[in-house]
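First the structure, which I've put down as C-alpha coordinates, then a few questions once you've had a look.
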Amino acid sequence: YEAIDPVRYLANRSSGKQGHAIASALAKLGAEVVLVAGPNNLPDPGGVQVRAIESAVQMLAACEAALPADIAVCAAAVADWRVDGEAGQKIKKDGSGKPPALALVENPDILKTLSQLNGGRPDLVVGFAAETEKVVDHAQSKRTRKGCDWIVANDVGPGTGVMGGDENTVHLITAQGVEDWPTMAKDAVAAALAQRIADYFEPS
Ligand code: C5P
(Lines give C-alpha, C1' and ligand atoms only; values in the text may rest on other atoms or scores of the structure.)
Protein backbone atom coordinates (compact mmCIF):
# COMPACT_ATOMS: atom_id res chain seq x y z
CA TYR A 1 0.00 0.00 0.00
CA GLU A 2 1.00 3.57 -0.51
CA ALA A 3 2.01 4.97 2.87
CA ILE A 4 -0.16 7.89 3.85
CA ASP A 5 1.71 8.88 7.00
CA PRO A 6 -0.61 11.74 7.87
CA VAL A 7 0.29 14.56 10.23
CA ARG A 8 -3.38 15.19 11.06
CA TYR A 9 -6.26 12.90 10.31
CA LEU A 10 -9.83 11.91 11.16
CA ALA A 11 -10.31 8.57 12.86
CA ASN A 12 -12.71 6.59 14.97
CA ARG A 13 -11.53 5.59 18.40
CA SER A 14 -10.76 1.88 18.86
CA SER A 15 -8.06 -0.09 20.66
CA GLY A 16 -8.39 -3.12 18.36
CA LYS A 17 -8.50 -5.41 21.40
CA GLN A 18 -11.73 -7.16 20.50
CA GLY A 19 -10.71 -7.78 16.88
CA HIS A 20 -7.29 -9.12 17.89
CA ALA A 21 -8.92 -11.39 20.47
CA ILE A 22 -11.34 -12.80 17.90
CA ALA A 23 -8.56 -13.48 15.38
CA SER A 24 -6.61 -15.29 18.08
CA ALA A 25 -9.63 -17.30 19.28
CA LEU A 26 -10.50 -18.44 15.75
CA ALA A 27 -6.88 -19.47 15.12
CA LYS A 28 -6.92 -21.50 18.35
CA LEU A 29 -9.94 -23.40 17.02
CA GLY A 30 -7.95 -24.25 13.90
CA ALA A 31 -9.08 -21.57 11.45
CA GLU A 32 -6.63 -20.05 8.98
CA VAL A 33 -6.92 -16.38 9.89
CA VAL A 34 -5.97 -13.13 8.18
CA LEU A 35 -6.21 -10.16 10.57
CA VAL A 36 -6.58 -6.85 8.76
CA ALA A 37 -5.78 -4.26 11.40
CA GLY A 38 -5.59 -0.50 11.53
CA PRO A 39 -3.08 1.32 13.74
CA ASN A 40 -2.93 -0.25 17.22
CA ASN A 41 -0.54 -0.89 20.08
CA LEU A 42 -1.20 -4.60 20.44
CA PRO A 43 1.18 -7.51 19.80
CA ASP A 44 0.36 -9.56 16.70
CA PRO A 45 -1.62 -12.62 17.81
CA GLY A 46 0.20 -15.92 17.26
CA GLY A 47 -0.81 -18.16 14.39
CA VAL A 48 -2.48 -15.35 12.46
CA GLN A 49 -1.38 -13.55 9.28
CA VAL A 50 -1.49 -9.82 9.98
CA ARG A 51 -2.06 -7.16 7.32
CA ALA A 52 -1.40 -3.70 8.76
CA ILE A 53 -3.36 -0.94 7.08
CA GLU A 54 -4.05 2.73 7.85
CA SER A 55 -7.24 3.69 6.07
CA ALA A 56 -10.70 2.36 5.24
CA VAL A 57 -9.84 2.19 1.54
CA GLN A 58 -6.78 0.07 2.34
CA MET A 59 -8.81 -2.07 4.75
CA LEU A 60 -11.36 -2.93 2.06
CA ALA A 61 -8.60 -3.77 -0.43
CA ALA A 62 -6.86 -6.03 2.10
CA CYS A 63 -10.14 -7.78 2.97
CA GLU A 64 -10.91 -8.38 -0.71
CA ALA A 65 -7.37 -9.69 -1.23
CA ALA A 66 -7.93 -12.17 1.63
CA LEU A 67 -10.94 -13.73 -0.15
CA PRO A 68 -12.13 -16.40 -0.65
CA ALA A 69 -13.01 -16.94 2.99
CA ASP A 70 -15.69 -18.95 4.80
CA ILE A 71 -16.07 -16.35 7.52
CA ALA A 72 -15.67 -12.58 7.73
CA VAL A 73 -15.74 -10.86 11.11
CA CYS A 74 -15.81 -7.06 10.90
CA ALA A 75 -14.94 -5.61 14.30
CA ALA A 76 -13.04 -2.52 13.18
CA ALA A 77 -14.30 0.96 14.06
CA VAL A 78 -14.13 2.28 10.52
CA ALA A 79 -14.66 6.01 10.09
CA ASP A 80 -17.67 6.71 7.89
CA TRP A 81 -15.98 9.74 6.35
CA ARG A 82 -12.52 10.75 5.23
CA VAL A 83 -11.15 14.11 4.20
CA ASP A 84 -11.49 14.69 0.47
CA GLY A 85 -8.20 15.41 -1.27
CA GLU A 86 -5.48 14.74 1.26
CA ALA A 87 -3.13 17.70 1.73
CA GLY A 88 0.41 16.86 0.61
CA GLN A 89 1.91 19.02 3.35
CA LYS A 90 0.98 19.87 6.91
CA ILE A 91 -1.89 22.36 6.82
CA LYS A 92 -0.60 25.62 8.34
CA LYS A 93 -2.55 28.50 9.83
CA ASP A 94 -2.81 31.26 7.25
CA GLY A 95 -3.18 34.15 9.71
CA SER A 96 -6.79 34.86 8.73
CA GLY A 97 -8.09 33.35 11.93
CA LYS A 98 -10.53 31.27 9.87
CA PRO A 99 -10.38 27.49 10.11
CA PRO A 100 -9.79 25.66 6.81
CA ALA A 101 -12.89 24.11 5.24
CA LEU A 102 -12.55 20.35 5.20
CA ALA A 103 -14.68 18.60 2.60
CA LEU A 104 -15.47 15.00 3.52
CA VAL A 105 -16.20 12.01 1.29
CA GLU A 106 -17.81 8.76 2.34
CA ASN A 107 -15.56 5.80 3.10
CA PRO A 108 -16.40 2.40 1.67
CA ASP A 109 -18.53 0.31 4.03
CA ILE A 110 -16.47 -2.84 4.33
CA LEU A 111 -19.05 -4.92 6.19
CA LYS A 112 -21.77 -4.00 3.70
CA THR A 113 -19.53 -4.64 0.71
CA LEU A 114 -18.50 -8.10 1.95
CA SER A 115 -22.11 -8.93 2.96
CA GLN A 116 -23.51 -8.00 -0.42
CA LEU A 117 -20.86 -9.56 -2.68
CA ASN A 118 -22.33 -11.24 -5.72
CA GLY A 119 -20.24 -14.36 -5.88
CA GLY A 120 -17.55 -15.06 -3.33
CA ARG A 121 -19.53 -13.84 -0.32
CA PRO A 122 -18.21 -15.53 2.83
CA ASP A 123 -20.76 -18.09 4.15
CA LEU A 124 -20.95 -16.27 7.47
CA VAL A 125 -20.49 -12.51 7.76
CA VAL A 126 -20.42 -11.10 11.28
CA GLY A 127 -20.47 -7.38 12.00
CA PHE A 128 -20.22 -5.34 15.14
CA ALA A 129 -22.41 -2.48 16.25
CA ALA A 130 -21.12 -0.03 18.79
CA GLU A 131 -24.10 1.90 20.02
CA THR A 132 -24.67 4.50 22.70
CA GLU A 133 -28.46 4.14 22.97
CA LYS A 134 -31.23 1.69 21.96
CA VAL A 135 -28.42 -0.80 21.46
CA VAL A 136 -30.45 -3.83 20.34
CA ASP A 137 -32.95 -1.89 18.18
CA HIS A 138 -30.23 -0.07 16.30
CA ALA A 139 -28.18 -3.24 15.88
CA GLN A 140 -31.15 -5.20 14.53
CA SER A 141 -31.80 -2.61 11.85
CA LYS A 142 -28.07 -2.50 11.11
CA ARG A 143 -28.10 -6.27 10.49
CA THR A 144 -30.74 -5.98 7.80
CA ARG A 145 -29.38 -2.75 6.32
CA LYS A 146 -25.86 -4.10 5.91
CA GLY A 147 -26.97 -7.59 4.88
CA CYS A 148 -24.69 -9.44 7.31
CA ASP A 149 -25.72 -12.64 9.10
CA TRP A 150 -24.90 -11.78 12.70
CA ILE A 151 -24.28 -8.58 14.60
CA VAL A 152 -22.42 -8.42 17.89
CA ALA A 153 -23.87 -5.32 19.53
CA ASN A 154 -22.18 -3.55 22.37
CA ASP A 155 -23.01 -0.55 24.47
CA VAL A 156 -20.17 1.95 24.29
CA GLY A 157 -22.03 4.75 26.00
CA PRO A 158 -20.23 7.06 28.43
CA GLY A 159 -19.35 5.30 31.66
CA THR A 160 -19.36 1.78 30.22
CA GLY A 161 -15.54 1.69 29.92
CA VAL A 162 -15.83 -0.54 26.84
CA MET A 163 -13.74 1.70 24.57
CA GLY A 164 -10.15 0.72 25.30
CA GLY A 165 -11.23 -1.41 28.27
CA ASP A 166 -10.82 -5.15 28.76
CA GLU A 167 -14.46 -6.07 29.27
CA ASN A 168 -17.48 -6.05 27.02
CA THR A 169 -21.21 -6.61 27.42
CA VAL A 170 -22.66 -7.81 24.13
CA HIS A 171 -25.84 -9.00 22.51
CA LEU A 172 -25.63 -11.49 19.65
CA ILE A 173 -28.21 -10.68 17.00
CA THR A 174 -29.05 -13.28 14.37
CA ALA A 175 -32.02 -13.91 12.10
CA GLN A 176 -33.40 -16.08 14.93
CA GLY A 177 -33.37 -13.38 17.58
CA VAL A 178 -31.30 -11.75 20.30
CA GLU A 179 -29.08 -13.34 22.94
CA ASP A 180 -27.93 -11.19 25.85
CA TRP A 181 -24.48 -12.34 26.93
CA PRO A 182 -23.15 -11.59 30.41
CA THR A 183 -20.35 -9.04 30.87
CA MET A 184 -17.10 -10.81 30.06
CA ALA A 185 -13.48 -10.07 29.33
CA LYS A 186 -12.97 -9.27 25.63
CA ASP A 187 -10.94 -12.50 25.39
CA ALA A 188 -13.91 -14.46 26.71
CA VAL A 189 -16.32 -12.73 24.30
CA ALA A 190 -13.91 -13.69 21.52
CA ALA A 191 -13.69 -17.32 22.66
CA ALA A 192 -17.49 -17.60 22.93
CA LEU A 193 -18.01 -16.02 19.52
CA ALA A 194 -15.37 -18.25 17.91
CA GLN A 195 -17.09 -21.31 19.42
CA ARG A 196 -20.48 -20.13 18.10
CA ILE A 197 -18.93 -19.75 14.66
CA ALA A 198 -17.41 -23.25 14.85
CA ASP A 199 -20.80 -24.68 15.91
CA TYR A 200 -22.48 -22.91 12.99
CA PHE A 201 -20.24 -24.76 10.56
CA GLU A 202 -20.25 -28.08 12.44
CA PRO A 203 -23.42 -28.38 14.53
CA SER A 204 -22.96 -31.01 17.27
O1 C5P B 1 -20.07 2.43 12.02
P2 C5P B 1 -21.19 1.40 12.08
O3 C5P B 1 -21.96 1.46 13.36
O4 C5P B 1 -22.02 1.33 10.85
O5 C5P B 1 -20.39 0.01 12.19
C6 C5P B 1 -21.09 -1.19 12.22
C7 C5P B 1 -20.29 -2.26 11.54
O8 C5P B 1 -20.00 -1.84 10.21
C9 C5P B 1 -18.97 -2.63 12.16
O10 C5P B 1 -18.83 -4.05 12.06
C11 C5P B 1 -17.94 -1.96 11.30
O12 C5P B 1 -16.78 -2.73 11.27
C13 C5P B 1 -18.63 -1.93 9.95
N14 C5P B 1 -18.26 -0.80 9.12
C15 C5P B 1 -17.49 -1.02 7.98
N16 C5P B 1 -17.15 0.02 7.17
C17 C5P B 1 -17.55 1.27 7.46
C18 C5P B 1 -18.31 1.53 8.62
C19 C5P B 1 -18.65 0.47 9.42
O20 C5P B 1 -17.13 -2.17 7.73
N21 C5P B 1 -17.19 2.27 6.65
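The values are calculated or read from the model by the stated rules, or taken from the named source; none is laboratory data. Please read these numbers as outputs of a predicted model, since none were measured by experiment. When we count neighbours, we look across all protein chains shown, and the Cβ atoms used for this are built from the backbone with ideal geometry, even at glycine. Accessible surface is based on the protein model in full, side chains and every heavy atom, while ligands, DNA and RNA are left aside. Shrake-Rupley method; radii C 1.70, N 1.55, O 1.52, S 1.80 Å.
Quick one: pull the percent of accessible area on the chain belonging to carbon and sulfur, 1.4 Å probe, ligands and nucleic acids left out.
Roughly 50 percent of what the probe reaches on the chain is carbon or sulfur.
Provide the packing ranking of 122-130, 97-105, i.e. peptides ordered by the mean count of other C-beta atoms within 10 Å per residue, highest first.
Result, highest mean Cβ count within 10 Å first: 122-130, 97-105.
Could you please report the charge total around S115, scoring K, R as +1 and D, E as -1 over all other residues with beta-carbon less than 15 angstrom from its beta-carbon?
Counting the neighbours of S115, the net charge comes to +1.
Amide H neighbours of E167 under 5 Å, counting only residues 5+ apart in sequence or on other chains, H built in-plane at 1.01 Å?
Distant-sequence amide H within range of E167: K186.
Related question: Assign unit charges at the C-beta atoms only (+1 for Lys and Arg, -1 for Asp and Glu), then state the dipole size of the stretch 1-108 relative to its Cα centre in Debye, rounded to the nearest 20.
Once rounded to the nearest 20, the dipole reads 540 debye.
I need the helices of the chain that pass two filters: whole DSSP H segments spanning 27 Å or more by Cα along the axis, and mean Kyte-Doolittle score no lower than 0.5.
Result, helices passing both filters: zero.
Oh, and also: Select from L124, T113, G38 the residue farthest towards the positive end of the dipole of the stretch 10-144; place +1 on Cβ of Lys and Arg, -1 on Cβ of Asp and Glu, and compute about the Cα centre.
Selected residue: G38.
Per residue, what accessible area does the stretch 160-201 have, given a 1.4 Å probe and all protein chains present, in Å²?
50 Å²
Further question: Can you tell me which of 18-26, 107-115 comes out highest on packing, and rank the rest after it, using the mean Cβ neighbours within 10 Å?
18-26, 107-115
Give me the count of lysine pairs in the chain whose alpha carbons sit under 20 angstrom apart, restricted to pairs 8 or more positions apart or on different chains.
Taking the chain as the scope, the lysine pair count is 8.
Under a Cβ-only charge scheme (Lys and Arg +1, Asp and Glu -1), can you give me the dipole magnitude of the chain about the Cα centre, in debye to the nearest 20?
600 debye
Further question: Please work out the average accessible area per residue across the stretch 19-141, using the 1.4 Å probe convention, and give it in Å².
Heavy-atom SASA per residue in the stretch 19-141 reads 60 Å².
What order do you get for 186-197, 77-88 when each peptide is scored by the mean count of other beta carbon atoms within 10 Å, highest first?
Listed from highest to lowest mean packing, they are 186-197, 77-88.
Report the net charge of residues surrounding V34, where surrounding means a beta-carbon distance below 15 angstrom and charges are Lys +1, Arg +1, Asp -1, Glu -1.
-3
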